[in-house]
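Structure, as structure tokens:
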Amino acid sequence: MPYALIQKTLDRPPVEALQRAFASGRGLTPADARFVADDAFGLLARNLDLDDALFLQGSLGQEGVEVEVAPESELPRVPETTLFTVLHGTDDRLVVFDALGRACDAPWSDVSVVCAGFDQREFKLEIFLHGTEQRFLATLDRLMFDQMPEFTNPSEPDNLGEKYRNLVKCIVEHSPKALLNRAAAVLGRDGLSGDITEAISYPRPTAYAEEQTWLLWRATHPFGS
């Protein structure tokens, strides 16, 4: 059974610390350190034997890099998806509509994870309820902002990026207990200006997906529980 090393936080570990932790060559080698650091989006390593995973957990801990070990079979799966094109919110609920105009709503308090950003394929927006119970998904090219005027800045009516930013910020503000991926955290800030595409982009789709897996894991497995 393969095992994964799951980071305590989304902070990228120092290459030098990883090189020392991998010095024994068990499971990973010092030559792997830079790639592992650059690819640290929540899952530090995968496909490890249990003994190697536990050894690396100890050696990483000595370098101040906290991880936990879990069977890969226990990593969360993305739940059934509801695609949406329109979202409206009240003080206590969100309502999404699919392309056929069918509505689905939930209390904001049910939102556990919010993911956004560019995964090198498309700009995404994903809302998860109760960990892995339900997923709302939209892509920027399918969002119908003509039906969501509240997200349009009157001074920039054709600025699609600004509309996307305002939509994500609204969701983040109404979901204070939700875990956010890096892009959603950026988009939720006040006072953003200029082109922030680089700040909300992921180097590859797998990086976006792994960070999402980490968030879903953390939503149901607080570190150390």
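The values are calculated or read from the model by the stated rules, or taken from the named source; none is laboratory data. Given the structure is predicted, the values throughout are model-derived calculations rather than measurements. For neighbour counting, all protein chains shown are included, and Cβ atoms are generated from backbone atoms with ideal geometry for every residue, glycine included.
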Would you check if residue 89 is under 25 Å from the mean Cα position of the chain (by Cα) and assigned by TED's automatic domain parsing to the domain that holds residue 204?
yes
Does segment 131-147 include one or more residues that are over 25 Å from residue 211 (Cβ atoms), touching a strand residue (DSSP E or B) at 6+ places or on another chain (Cβ under 6 Å) and modelled with pLDDT of 95 or more?
yes
Only one of these conditions is not met by residue 132: (1) surrounded by fewer than 17 Cβ atoms within 10 Å (Cβ to Cβ); (2) outside any helix (DSSP H, G or I). Which number is it?
(1)
Does residue 45 fit the bill of being part of a strand (DSSP E or B) and either within 23 Å of the chain's Cα centre (by Cα) or more than 30 Å from residue 145 (Cα to Cα) (or both)?
yes
Can you name every residue in segment 152-188 that is at pLDDT below 95 and within 17 Å of residue 129 (Cβ to Cβ)?
176, 177
Yes/no for residue 225 being over 17 Å from the mean Cα position of the chain (by Cα), modelled with pLDDT under 95 and not assigned by TED's automatic domain parsing to the domain that holds residue 98:
yes
The number of residues in segment 101-118 that are surrounded by fewer than 22 Cβ atoms within 10 Å (Cβ to Cβ) and in contact with a helix residue (DSSP H, G or I) (Cβ under 7 Å, 6 or more places away or on another chain) is 2
Identify all residues within segment 168-188 that are exposed (fewer than 13 other Cβ atoms within 10 Å of the Cβ) and outside any loop (DSSP other than H, G, I, E, B); write none if there are none.
173
When you scan segment 124-148, how many residues do you find that are under 13 Å from the mean Cα position of the chain (by Cα), within 15 Å of residue 84 (Cβ to Cβ) and in contact (Cβ under 8 Å) with a residue 60 or more places away in the chain?
3
Of all residues making up segment 10-50, the number that are surrounded by fewer than 18 Cβ atoms within 10 Å (Cβ to Cβ), in contact with a Gly (Cβ under 9 Å, 6 or more places away or on another chain) and within 22 Å of residue 75 (Cβ to Cβ)
2
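This table checks each residue for (1) out of contact with any helix residue (DSSP H, G or I) (no Cβ under 7 Å at 6 or more places or on another chain); (2) under 27 Å from residue 5 (Cα atoms); (3) not in a helix (DSSP H, G or I).
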{"position": "138", "(1), (2), (3)": "yes, no, yes"}
{"position": "150", "(1), (2), (3)": "yes, no, no"}
{"position": "161", "(1), (2), (3)": "yes, no, no"}
{"position": "165", "(1), (2), (3)": "no, no, no"}
{"position": "190", "(1), (2), (3)": "yes, no, yes"}
{"position": "194", "(1), (2), (3)": "yes, no, yes"}
For segment 159-171, name all the residues that are farther than 18 Å from residue 208 by Cα and in contact with a Gly (Cβ under 7 Å, 6 or more places away or on another chain).
169, 170
Would you pick out the residues in segment 175-225 that are of a type in the set (A, V, I, L, M) and either free of Cβ contacts under 8 Å to residues at least 40 places away in the same chain or within 15 Å of residue 118 (Cβ to Cβ) (or both)?
183, 184, 185, 186, 187, 192, 196, 199, 200, 207, 209
